[in-house]
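Remarks on the structure that follows.
The values are calculated or read from the model by the stated rules, or taken from the named source; none is laboratory data. Because the structure is a prediction, the values reported are computed rather than measured. All Cβ positions, even for glycine, are placed from backbone atoms using ideal geometry, and neighbour counts span all protein chains on display. What goes into the accessible areas is simple: the full protein's heavy atoms, side chains included, and nothing from ligands, DNA or RNA. Shrake-Rupley method; radii C 1.70, N 1.55, O 1.52, S 1.80 Å.
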Amino acid sequence: MAKILVCDDDKEIVEAIEIYLSQEGHQILKLLDNEDGTYTLFVKKIKEDFIMSKFKYSVGPWNVHEGADAYGPATRETIDLEEKIKTFAEMGFDAIQFHDDDAVPNMNELSEGEVVSEAKALKAMLDKYNLKAEFVAPRLWMDPHTVDGGFTSNSDEDREFALWRAYRSIDIANALGCDKIVLWLAREGTICFESKSPVESTKKLIDAINKMLAYDKNIKIMIETKPNEPIDRSVCPTLGHAMAISATSDDPSRVGGLLESAHAMLAGLDPANEIGFALAMGKLWGVHLNDQNGMKFDQDKSFGVENLRTAFNQMKVLMENGFGNNGEYIGLDVKVMRTEKQSGSYKHLENSLKIAKMLEEKVNKFDYDFQKKCVAERDYEALEMYVMELLMKG
Ligand code: XUL
Ligand code: MN
């Protein structure tokens, strides 16, 4: 990012204009004072295939990972957090998504004050790379206290632990200068149906959300829905459920949703429709764009690589409905293939960004007059073929 200082006749600075040339694929070479009150800025195009976007994009550190899966060990070396953050900035990302313990490792061993001071050190690192924090999400699936879930656990002590992590996530969000937390409800549900009452679990979840709303009067909660994995049956599987929980909460204006494409597909739903539903409620505050081959384990594939038309329609619905106008980010939640070597650790992010931006261009080209004509004539075959040609022709 460059800063241009605008001066008045007495050379007093009247304004500082920040310009994001680097994100448009330009490197600043020099600034020339034309001595007539104007300046010329020389730039060099460094990214040839750079595509402008109307959106700001975000990514989480877990999106660059070592490649371990349920059946095999890591295939790549761990990359340190600052190195990831620096690379994300160079790639043109605007914001970082954090789990609470991505931001403050070993937080269980720290006091509340220590958690906040660690988070402040991270904020300084983000500032150094001119990045924002999008949200903080309590990681309620790794700890021995969350074996049976967090907010819906059958253990009083474990439910208390889950709330402690949620409160600390709010503290960390405040220290990072963001006003959102994400609840991915990984283990809030059952692997043995009879182990929990679905009615009581739903009430426990709403009760926990109300406590978070009361803890901080400014915090906004985004529920990231997913129907299964790691559990069998989630208490909050779709955005419809999230919207109902929002409506039942003590402050519906501060409880919204985050839609991940793959999670919608795992529920047998079209992510573009889920996006549309939450947008209609004014409650889509985040997305995790990615892709998925059928209803199996969560694959976090690069955006659009399996279901191109669905990816196009996700982008179309987001663009048509002003997503991003209130500062929302297009988040990616993608994983590189396990087979990729160390040098390819960021390729899936590059690819997803490029595909998302290419789809933005396709949406910009969409012929709404032709669409209206097809609708008026109820010629949906023609409309469908038009979309196919739009996507398949260069
Ligand atoms: C898991 C998932 C998470 C959340 C953040 O399926 O999507 O990475 O996005 O906790
Ligand atoms: Mn996600």
Considering the range 240-279 alone, what residues qualify as being open to solvent by 10 Å² or more (accessible area, probe 1.4 Å) and within 15 Å of ligand 2 (Cβ to nearest atom)? M265, L266, A267, E274
Assuming E188 fulfils every condition listed in (1) within 16 Å of ligand 2 (Cβ to nearest atom); (2) out of contact with any helix residue (DSSP H, G or I) (no Cβ under 7 Å at 6 or more places or on another chain); (3) closer than 20 Å to G256 by Cβ apart from one, which condition is it? (2)
Read through the list (1) charged (D, E, K, R); (2) within 26 Å of the chain's Cα centre (by Cα); (3) surrounded by fewer than 22 Cβ atoms within 10 Å (Cβ to Cβ), then give the number of the only condition that E188 fails. (3)
I'd like to check something: does the range 102-124 contain any residue that is farther than 29 Å from A166 by Cα and either surrounded by fewer than 17 Cβ atoms within 10 Å (Cβ to Cβ) or at pLDDT 95 or above (or both)? no
On the basis of being within 17 Å of K301 (Cα to Cα) and either in a helix (DSSP H, G or I) or touching a helix residue (DSSP H, G or I) at 6+ places or on another chain (Cβ under 7 Å) (or both), does A382 make the cut? no
Selection status of K196, touching an Asp or Glu at 6+ places or on another chain (Cβ under 8 Å), at pLDDT 95 or above, away from ligand 2 (no atom under 16 Å from the Cβ) and of a type in the set (K, R): no
Quick check: is even one residue across the range 280-296 surrounded by fewer than 22 Cβ atoms within 10 Å (Cβ to Cβ) and modelled with pLDDT under 95? yes
Look at M125 and say whether it is over 30 Å from M319 (Cα atoms), touching a helix residue (DSSP H, G or I) at 6+ places or on another chain (Cβ under 9 Å) and within 16 Å of ligand 2 (Cβ to nearest atom). no
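Report yes if some residue within the range 330-352 is more than 16 Å from ligand 2 (Cβ to nearest atom), farther than 30 Å from R76 by Cα and either modelled with pLDDT of 95 or more or surrounded by fewer than 19 Cβ atoms within 10 Å (Cβ to Cβ) (or both); otherwise report no.
Of the range 330-352, the ones more than 16 Å from ligand 2 (Cβ to nearest atom) are 337-347, 350-351.
With the extra rule that they be farther than 30 Å from R76 by Cα, the set shrinks to none.
No, there is no match, as no residue in the range 330-352 is more than 16 Å from ligand 2 (Cβ to nearest atom), farther than 30 Å from R76 by Cα and either modelled with pLDDT of 95 or more or surrounded by fewer than 19 Cβ atoms within 10 Å (Cβ to Cβ) (or both).
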E361 vs (1) in contact (Cβ under 8 Å) with a residue 40 or more places away in the chain; (2) crowded, with 16+ Cβ neighbours inside 10 Å; (3) assigned to a helix (DSSP H, G or I): all pass except (2)
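If we scan the range 290-309, do we find a residue that is of a type in the set (A, V, I, L, M), in contact (Cβ under 8 Å) with a residue 40 or more places away in the chain and away from ligand 2 (no atom under 16 Å from the Cβ)?
Among the residues of the range 290-309, at least one is of a type in the set (A, V, I, L, M), in contact (Cβ under 8 Å) with a residue 40 or more places away in the chain and away from ligand 2 (no atom under 16 Å from the Cβ), which makes the answer yes.
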State all residues of the range 256-281 that are within 16 Å of ligand 1 (Cβ to nearest atom) and within 18 Å of N321 (Cα to Cα); if no residue qualifies, say none. G256, G257, L258, L259, E260, S261, P271, E274, I275, A278
Filtered residues of the range 203-223 (kept if open to solvent by less than 50 Å² (accessible area, probe 1.4 Å) and more than 11 Å from V255 (Cα to Cα)): L205, A208, D216
In this structure, is V317 within 26 Å of I79 (Cα to Cα) and surrounded by fewer than 23 Cβ atoms within 10 Å (Cβ to Cβ)? no
